Amino acid sequence: MAGRPRPQLQPHSPSASTRRRERWLVVLGVALHAVYMLSIFDIYFKSPIVHGMEPVPPRLSAAPAKRLVLLVADGLRADKFFEPDERGRYRAPFLRGVIEEKGRWGVSHARPPTESRPGHVSLIAGFYEDPSAVTKGWKANPVEFDSVFNQSRHTISYGSPDIVPIFCSRVPHSTWDTYPHEYEDFATDASFLDHWSFDQFQGLLNKSFHDVKLRQLLLQDKLVIFLHLLGCDTNGHAHRPYSSIYLNNVKVVDQIAESMYNLMENYFKDNQTTYVFTADHGMSDKGSHGDGHPSNTDTPLVVWGAGIRSPKFLAYTEKPDDGFRFVDDHKHDAPTPQDWALEGFERVDVNQADIAPLMSTLVGLPCPVNSVGSLPTQYLKLSKADEVEAVLANTKQILNQFLRKSQLKESSSLYFKPFKPLANYSSVLSQIEDLISERDFETAMKHSEELRKMALAGLHYFQTYDWFMLMTTITLGYIGWMVNLILHVLQSYTSFPAILLKKAQLYPKNTSMKVYIGGCFFMGLSSIILLLEKSPVLYHAYVFMTIFLWTRIVHNFGFLKAAWREFSNVPFKYTLNLLISSAIVVLVLEFLVMSFFDRKIYTWCFLVLGILGSTYVSFFIQASPALAIYIWLACWFLSVFTLMPAEIPENNNLVILSGALIILIAVASRWANSNCTSFWLYLTRANKRDSQSSKLYFAQVILVAISSIMVWLSTSHRSQNRELHSLHQLINWSVAGAAMVLPLFSPPSVLSRLTSIFLGFAPPFLLLSIGYEAVFYSAFSMVLIGWIFVESANLYCSEESGSARRRSLVDGSVFGYEERHLQLSDLRIPLLFVILFNVAFFGTGNFASIASFEISSVYRFITVFSPFLMAGLLIFKLFIPFMLVICTFSAITKIVRIPRLGCYFLVILFSDVMTIHFFFLVRNTGSWMEIGNSISHFGIVSAQVVFVLLLFALTNIYTRDIVVSSRQLTARKVM
């Protein structure tokens, strides 16, 4: 792309061998990014679960309780639970009375992903979800793990079909049942689901009066009862957590807690039951959850009954911060909000995983063997001796995990590096046992807690044991892939003289064979080392991929040497142009990296781009002033949207207004399509418009209008809490489907086809929109049209001022869509593509955050809970702007006659510059929200090679027969 200047319109037709090499390169790129994306599962998403440890039962004089009741209000936020309503009344009067008179309370801090499965795993199994479960959608057990239910004598459970079977389906000593999936209907008040769970348990108790075996089962000790209450979660998704339906559901779960307490006490009458009320996660203001925002991580915790301390009254409200941080990075003993009116009652916050050892200890069970929770002793009413024994059992259970991981790693490592701080763990345990024998419980407690913290640090050490090797291998792999991309583009798409290729043949064939034999030798050697260390299969894939890429680079050493010699001989101004262009590309890509953390960067980007674009059009292209004004207005209009909140507020008037704006833009484009002067010739065809295209245009406009009407109708039904009619759903599906088919029958000229595509995707986007993102669709399309106008005007200007030879090429012969070589100036096209592609990511929210998926967007198509269909609709909505960008990109490559596949490789090259940066920005310190977001950023950019290619294939259906006119002649190419 640099080198001696060549005629700009030099034809370029890739050979068959180049096409074959490209197909293999694309396959290699997809495989490489897929494999390297999996590396985050070995680095950050590695399963913490190991097997082979023995349970450690606490040596208590007697279990504090015979049975335990766990009530989990799915999706219940701590603030909505504790704060008063608008009339000053508290929504959970019974549980508030428990806090003030019977038990202890606090906030349970969850760790992202704040989803139902991870939250329940933390509560019941004591560890923060097996991250490898992400590949199964948080639904199934990727690895079997121990839990409180496994250790119990018997477990009784009722609730959601998505949660209860996870923990009970393989526990033989369990009684459980779930309601059908069809009950989870977002169009109804879901609080009846909570009543269903309670009614099932009440029916079981009533049945026991006539069933002797069931009665005996209920009267035994170590009994665990679990009611999963899904109402708050479903109502929060459908109606938001500040809606009357959600807030009323808070009262419902409080009533169920009261009914459960009265039912148990009247049935057993022995005061040997402990009650734990909490939630798996919270709910954001827009009705979603998943990230690390306090609204999602802060959940209520109320514990009372047998073995639980009475409320502790405080003489002062200011509490010192002892430096402890919870998993969501909140301070220990953070101030209680004044409107909760609970400052006088001691608040004991816990990490969510701490609840599992608390429940185990209360009924005298061993802690789950995979638990990493620390026993919160402030909740327990135990003697000093029993308290120390309980903490020591918790410590031994975590220490056993550490010892097992250490043993497994040592048995498979050629050079093992032990965790030195725990080298003398056995002497510390002996010291603690001696202190207990001497009844020095305070010192024994201190040493036990210190040993537990050290064991947790040891678990982290072995969890990250392979990080350095993996990160080095993968970084070298990405660099090798990028060098291979540059080599391919230089060899296949640039105008290096033929002598350069001759100079590249420095190595004879037998030398090339030696290079590949050497690569195979290194692969074999690394494979033997990895096999001896019993490394996972993916470790082999990472190393093999990296060695293969660098073997290809060594194989092309001759070409690299010749290319360097060629670059050394070019005039200094061309070298300077290359350096300046590279610096601008890197600078822009760094700004794009920053935009993942601050969307407002795009606002400044398009404010500047509007000024620069209009200036360039006015002074360098010397196009019409109207085009310059249009570019300026379109860029500034789009700059507004990244100032909008990522949490899209509902405003259906904007959606309906956007329908009118879409029609207005289509009318303007229709007028422009009739223009047959100057650079418009690249976008239109000289032939007459037939009546068929007019009918198609009006049909598409009518579909946009119908979709706007259906937005209003569907929303009005939902606002009145009425079910969406099946007829409405049928119309919405039909309109969306028909609209996307019609562009295939539009005229093949650039502007006609792109306008038809714009109108075709508008109805489904409108029907999936709830607010300002519908207007973003129009603003984004205006900028894309402006990009085409500028490229066409630039080409027209260059042809007007070109040499006689270039003019004869264009005016005197049919160019036949011969693709020319890439020039250094062509870098602007893939760079603008990357910018606009990222704007499509972040123009209406934070794609990197799980919580940015607005589930209410799909309610006009489906209201009954169906996770795969709902996720599919959400992803399709997010992909629509990407498809517009790629259709525009394809049209521009045809207009300027550059190879689209060559530009694709440059796009991937730019994306991988960002990928390497994000790979180093992945954090393993700070809050889990920051860690999760950094991994999301890496995954999103790394995945672009896959879904950009996929979207190219999809959009090719619409763009493959686009016809571009060159001056007065039309040439046609089918891509």
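Evaluated against (1) in a loop (DSSP other than H, G, I, E, B); (2) open to solvent by 10 Å² or more (accessible area, probe 1.4 Å); (3) of a type outside the set (A, V, I, L, M, F, W, C), Asp233 falls short on exactly one condition, (1).
Only one of the numbered conditions (1) touching a Pro at 6+ places or on another chain (Cβ under 9 Å); (2) aliphatic (A, V, I, L, M); (3) open to solvent by 20 Å² or more (accessible area, probe 1.4 Å); (4) within 18 Å of Ser61 (Cβ to Cβ) is not met by Ala457, and that is (4).
Which helices (runs of 4 or more DSSP H) sit wholly inside the stretch 409-518 and have at least 2 residues that are modelled with pLDDT under 90?
Numbers: elements: 425-437, 441-463, 467-493, 498-504.
The qualifying helices (runs of 4 or more DSSP H) are 441-463, 467-493, 498-504.
Just name the residue that is nearest to Ala125 (Cα to Cα) out of those in the stretch 1-29 that are open to solvent by 40 Å² or more (accessible area, probe 1.4 Å) and modelled with pLDDT of 85 or more. For the stretch 1-29, the residue satisfying everything is Val27. Among the residues of the stretch 236-246, the one identified as open to solvent by less than 10 Å² (accessible area, probe 1.4 Å) and either under 8 Å from Phe186 (Cα atoms) or hydrophobic (A, V, I, L, M, F, W, C) (or both) is Ala238. Scanning the stretch 590-615 for residues that are open to solvent by 40 Å² or more (accessible area, probe 1.4 Å) and either more than 22 Å from Ile665 (Cβ to Cβ) or touching a strand residue (DSSP E or B) at 6+ places or on another chain (Cβ under 8 Å) (or both) turns up Glu590, Phe591, Met594, Phe597, Asp598, Lys600, Trp604, Cys605, Val608, Ile611, Leu612, Thr615.
Among the conditions (1) of a type outside the set (Lys, Arg); (2) out of contact with any Asp or Glu (no Cβ under 9 Å at 6 or more places or on another chain); (3) open to solvent by less than 20 Å² (accessible area, probe 1.4 Å); (4) free of Cβ contacts under 8 Å to residues at least 60 places away in the same chain, the only one that Tyr379 does not satisfy is (4). Looking only at residues of the stretch 637-650 that are open to solvent by 60 Å² or more (accessible area, probe 1.4 Å) and closer than 29 Å to Ser716 by Cα, we find that the one that is farthest from the chain's Cα centre (by Cα) is Val640.
Of all the criteria given as (1) closer than 21 Å to Arg117 by Cα; (2) under 32 Å from the mean Cα position of the chain (by Cα); (3) surrounded by fewer than 19 Cβ atoms within 10 Å (Cβ to Cβ), the one not satisfied by Cys168 is (3). Write out, first by first residue and then by second, each pair whose Cβ atoms fall under 9 Å of each other, whose residues are 6+ apart or on separate chains, and whose first residue, in the stretch 948-975, is under 13 Å from Pro747 (Cα atoms) while the second is loosely packed, with under 15 Cβ neighbours inside 10 Å and modelled with pLDDT of 85 or more. Final answer for the pair search is Tyr958/Leu744. Screening Leu587 against (1) among the aliphatic types (A, V, I, L, M); (2) free of Cβ contacts under 8 Å to residues at least 24 places away in the same chain; (3) open to solvent by less than 70 Å² (accessible area, probe 1.4 Å) leaves a single unmet condition, (3).
Take the residues in the stretch 172-193 that are closer than 26 Å to Asp221 by Cα and in contact (Cβ under 8 Å) with a residue 24 or more places away in the chain; name whichever of them is most open to solvent (accessible area, probe 1.4 Å).
Just the residues of the stretch 172-193 that are closer than 26 Å to Asp221 by Cα, to begin with: 172-178.
Those left that are additionally in contact (Cβ under 8 Å) with a residue 24 or more places away in the chain: 174-175.
Numbers: Ser174: 23, Thr175: 47 Å².
Checking each candidate, the answer is Thr175.
A single member of Trp733, Trp671 is modelled with pLDDT of 85 or more, out of contact with any helix residue (DSSP H, G or I) (no Cβ under 8 Å at 6 or more places or on another chain), on the phi < 0 side of the Ramachandran plot and open to solvent by 10 Å² or more (accessible area, probe 1.4 Å), and it is Trp733.
Determine the pairs where a residue that is aliphatic (A, V, I, L, M), located within the stretch 732-746, has a partner that is open to solvent by 70 Å² or more (accessible area, probe 1.4 Å) with Cβ atoms under 8 Å apart, the partner being 6 or more residues away or on another chain. Every condition considered, the pairs that remain are Leu744/Ile957.
So that you can scan it fast, the table gives a plain yes or no per residue for (1) exposed (fewer than 15 other Cβ atoms within 10 Å of the Cβ); (2) farther than 30 Å from Leu768 by Cα; (3) modelled with pLDDT of 85 or more:
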site: Val617; (1), (2), (3): no, yes, no
site: Leu627; (1), (2), (3): no, yes, no
site: Cys635; (1), (2), (3): no, no, yes
site: Ala660; (1), (2), (3): yes, no, yes
site: Ile665; (1), (2), (3): no, no, yes
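The values are calculated or read from the model by the stated rules, or taken from the named source; none is laboratory data. Because the structure is predicted, anything quoted here is derived from the model rather than measured. Cβ coordinates were reconstructed from backbone atoms using ideal geometry, including for glycine residues, and neighbour counts include every protein chain displayed. Ligands, DNA and RNA are excluded from the accessible area calculation, which covers all protein heavy atoms including side chains. Shrake-Rupley method; radii C 1.70, N 1.55, O 1.52, S 1.80 Å.
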